[in-house]
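Inspection log for the structure reproduced underneath, given as structure tokens.
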Amino acid sequence: MDPYRVLSTTSPGFPHLHPYQIKQLEGKPWPRKYVFADLDFPFMMFDQVGHPETGLHTHEDFSELVVVHHGRGIHITEDGEYPISAGDVFFVTGELAHGYRDVDDLWVLDVVYDTSFMLRGMQDISRVPGYFALFHLEPRYRRQHWFESRLHLPPDRLDQLLDMLEDVSSTVRLKAPGYEFRTRLQFLEVVCFLCEQYANSPNPATRSLILMDDIIHFIESNYAEPITLQELTQRAGMAERTLHLLFNEATGVSPIEYLIRTRVARASDMLRTTRLTITEIAFRSGFQDSNYFAR
């Protein structure tokens with residue numbers, strides 16, 4: 001692998017952002033209009049050669065897939081600061097405040113996109129082994145694992161990823177008829193490649209998330225049903241004590257506590273956005289006793 005490789009078909013930085021604007025946007029959401037050349041197609045790639053230090057900022061309804069392909073630095077978030085180096089690949093949700101400091105010849109390939117747009121109609125993608133762990137669990141529990149559960153690619157796999165991303169970038173820049181559809185297909189191939197790498201990672205911190213991937217996805221998809229701990233242990237194919245230990249390691253809480261928190265979060269959403277009664281919300285969020293739910 002060429003350690004100084006630059007993707008020839010990728011924009012060499014955020015073209016709509018002047019350094020003064022970047023400074024002014026610290027602590028604020030970065031607007032979509034400054035990032036996407038076409039607001040009707042919210043997908044862009046930028047090869048940040050010599051990535052600058054940036055203060056904490058969020059994104060206006062778009063996420064970011066970060067591929068570090070040279071150098072090192074510190075990725076800063078509201079929850080902590082984490083060293084990054086060539087081979088690291090991680091996902092940044094739009095609402096997460098993040099930035100960079102102490103950069104040392106840091107080269108970062110940023111893939112920025114609207115997740116709901118790029119994955120529209122692709123609900124089955126959550127069934128791909130590693131997807132839920134990489135794109136949902138790892139960002140959520142990054143602080144607990146001190147970034148140890150990130151995806152780190154060896155040089156040959158990193159080079160393979162860069163080849164795939166160069167093809168995506170070329171499609172976007174050429175804008176041949178139907179390029180939007182082709183871009184989405186190529187991007188999905190990239191996502192599946194990353195999921196495969198994550199699912200097969202030997203990293204112990206990663207393995208704990210992978211093992212819990214199916215259980216957490218099951219809880220979040222079926223929280224309104226009467227889920228029992230016995231059902232979860234049978235699904236995991238392990239003893240109750242082992243499941244409790246691994247689940248707590250991955251999330252910081254027990255499976256039942258996670259189920260209750262999921263139900264409460266869904267109930268909170270319904271309280272804010274619907275006119276349903278307390279009893280209706282209790283049952284729809286999985287609480288079979290409205291008095292218990294009220295408490």
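To the nearest ten degrees, helix 179-199 and the longest principal axis of the Cα atoms of the chain are 60 degrees apart.
For a paramagnetic label modelled on ARG284 (point 7 Å from Cα along Cα→Cβ), amide N atoms under 15 Å away belong, within segment 227-265, to 263-265. Excluding ligands, DNA and RNA, the accessible surface per residue across the chain is 50 Å² with a 1.4 Å probe.
Within the chain, DSSP assigns beta bridges of which about 90% are antiparallel (rounded to the nearest 5). Among the trypsin sites (Lys or Arg not before Pro) found in segment 160-259, those both in a DSSP coil and sparsely packed, with 16 or fewer other Cβ atoms within 10 Å of their Cβ, are LYS175. Distances between placed amide hydrogens fall under 5 Å for LEU153 paired with ASP88, VAL89, all partners being 5 or more residues away or on another chain. With N as its number of residues, segment 41-88 has a Cα radius of gyration that, divided by 2.2 N^0.38 Å, comes to 1.24. Answer rounded, prolate or oblate for segment 196-295, using the Cα gyration tensor with square roots of eigenvalues a ≥ b ≥ c: rounded when a/c is under 1.5, else prolate when a/b is larger than b/c, else oblate. The shape class here is prolate. Computed over every Cα-Cα pair of segment 140-213 and binned at 10 Å starting from 0, the pair-distance distribution P(r) comes out as 18, 38, 28, 14, 2 percent. Placing +1 on the Cβ of every Lys and Arg and -1 on the Cβ of every Asp and Glu, with no other charges, gives the chain a dipole of roughly 760 debye about its Cα centre.
Taking the centroid of alpha carbons for each part, segment 132-172 and segment 59-79 are 11 Å apart.
Coupling constants for segment 269-280 follow from the phi torsions by the Karplus curve (6.51 cos²θ - 1.76 cosθ + 1.60, θ = phi - 60°), and in residue order they are 4, 5, 5, 7, 10, 10, 10, 5, 6, 4, 5, 5 Hz; glycine and proline get x. Per-residue ellipticity at 222 nm computed for the chain from its helices equals -13000 deg cm²/dmol, with DSSP H segments shorter than 4 residues left out and the rest contributing -39,500 (n - 2.57). Residues whose amide H comes within less than 5 Å of that of GLY71, counting only those at least five positions distant or on another chain, are ALA86, TRP107 (H built at 1.01 Å from N in the peptide plane).
The loop-placed GluC sites (Glu not before Pro) in segment 43-90, going by DSSP, that have at most 12 neighbouring Cβ atoms within 10 Å of their Cβ come out as GLU78. Pair-distance distribution of the chain: all C-alpha pairs, bin width 10 Å, starting at 0; shares per bin in whole percent are 6, 25, 32, 23, 12, 3, 0. Projected onto the charge dipole of segment 76-172 (+1 at Lys/Arg Cβ, -1 at Asp/Glu Cβ, origin at the Cα centre), which of TYR113, VAL168, GLY99 gives the Cα projection farthest towards the positive end? So the residue furthest toward the plus end is TYR113. When all alpha carbon pairs of segment 98-246 are counted in 10 Å bins from zero, the resulting P(r) reads 9, 32, 35, 17, 7, 1 %. Legend: calculated FRET efficiency, CYS192 to GLU148, from the Cβ-Cβ distance at R0 = 41 Å, rounded to 0.05, equals 0.95. Can you classify segment 55-113 as rounded, prolate or oblate using the Cα gyration tensor, where a ≥ b ≥ c are the square roots of its eigenvalues, rounded means a/c under 1.5, and otherwise it's prolate if a/b beats b/c and oblate if not? Judged from the Cα gyration tensor, segment 55-113 comes out oblate (a/c at least 1.5, b/c at or above a/b).
Report the label-to-label distance for LYS33 and LEU245 in nanometres (one decimal), using points 7 Å from each Cα along the Cα→Cβ vector. Taking the simple label geometry, LYS33 and LEU245 are separated by 5.6 nm. The long axis of helix 155-174 is offset from the longest Cα principal axis of the chain by roughly 80 degrees.
Rounded, prolate or oblate: which fits segment 28-172 when a ≥ b ≥ c are the square roots of the eigenvalues of the alpha-carbon gyration tensor, with rounded for a/c under 1.5 and prolate only if a/b beats b/c?
rounded
The values are calculated or read from the model by the stated rules, or taken from the named source; none is laboratory data. Note that this is a predicted model, so its numbers are computed, not measured. Heads up, the Cβs are rebuilt from the backbone with ideal geometry, glycines too, and the neighbour counts pull from every protein chain shown. Heads up: the accessible areas ignore ligands, DNA and RNA and are worked out on the full protein's heavy atoms, side chains in. Shrake-Rupley method; radii C 1.70, N 1.55, O 1.52, S 1.80 Å.
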